[in-house]
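To start, the structure under review is shown below, and the notes come after it.
The values are calculated or read from the model by the stated rules, or taken from the named source; none is laboratory data. This one's a predicted model, so the numbers in the text were calculated from it and none came from an experiment. Note that each Cβ is placed from the backbone with ideal geometry, even for glycine, and that neighbours are counted across all protein chains shown. For accessibility, only protein heavy atoms count, side chains too; no ligands or nucleic acids. Shrake-Rupley method; radii C 1.70, N 1.55, O 1.52, S 1.80 Å.
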Amino acid sequence: MTGFRLNAIALTGSLVLSLVGCGDDPMMMEEPPAPVATVPDHPACDTVRDWNGGWVAAEERVLELVNEHRATGYNCDTEGNFGPAPALTMQLHLRCAARIHSQDMVDRGFFDHTNPDGEGPGGRIDRTEYPTRGYGENIYFGSPRAADAVQAWMESDGHCRNIMDPDFDIIGVGRDETHWTQVFGIRR
């Protein structure tokens with residue numbers, strides 16, 4: 001089997017791509033990367049495990065944007081003026097809980113922190129068996145763009161407080177179509 005390597009060279013503002021044959025040299029052939037788990041191997045997460053790649057990228061972009069705000073500080077008006085806070089890290093159990101909620105809102109056509117069965121954020125986190133010391137949740141419906149969701153949260157005092165709260169150190173983000181959920185937590 002013949003392998004190939006892709007070379008990219010920038011020339012005066014243009015990107016030139018070339019495909020270079022690597023022969024049968026086993027050192028030049030690469031195995032495809034192993035899939036990276038985006039939720040834990042837990043039965044509660046089975047319905048949100050195989051997620052749309054674009055949605056996964058958007059979830060990661062929300063984390064980046066949130067951490068940019070946390071790095072500089074933000075005035076959340078009635079909820080206070082927050083100085084810089086440490087970056088959040090994506091926690092897979094919380095991401096599962098966030099995806100479960102976003103998917104549920106799409107599937108059952110509602111927009112609320114509590115689903116039609118009466119389950120709220122704490123119940124969704126408990127389903128994943130993650131022991132957090134505290135949590136918060138933000139939801140958004142509208143644009144499919146991560147930047148629009150984060151901007152809407154930053155312009156809402158209570159949502160902004162959740163994002164800027166220095167006690168929160170982990171987050172899970174779930175996007176399904178145009179429904180977004182952020183679940184914040186405190187690591188044990």
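Tabulated values for the structure
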quantity: Given charges at Cβ of Lys, Arg, Asp, Glu: segment 115-170 dipole, positive-most of Pro166, Ser143, Trp153; calculated: Ser143
quantity: Assigned charges on the beta-carbon of Lys, Arg, Asp, Glu; segment 114-161 dipole about Cα centre (debye); calculated: 140 debye
quantity: Average accessible area per residue (Å²) across segment 97-169 - probe 1.4 Å, nucleic acids and ligands excluded; calculated: 45 Å²
quantity: Of all accessible heavy-atom area on segment 77-134, the percent that carbon and sulfur account for (1.4 Å); calculated: 48 percent
quantity: Efficiency of FRET from Cβ geometry, Thr72 and His113, R₀ 22 Å, rounded to 0.05; calculated: 0.20
quantity: Assigned charges on the beta-carbon of Lys, Arg, Asp, Glu; segment 60-118 dipole about Cα centre (debye); calculated: 180 debye
quantity: Charge tally in the Cβ shell below 10 Å around Glu79, where Lys, Arg are +1 and Asp, Glu are -1, Glu79 excluded; calculated: -2
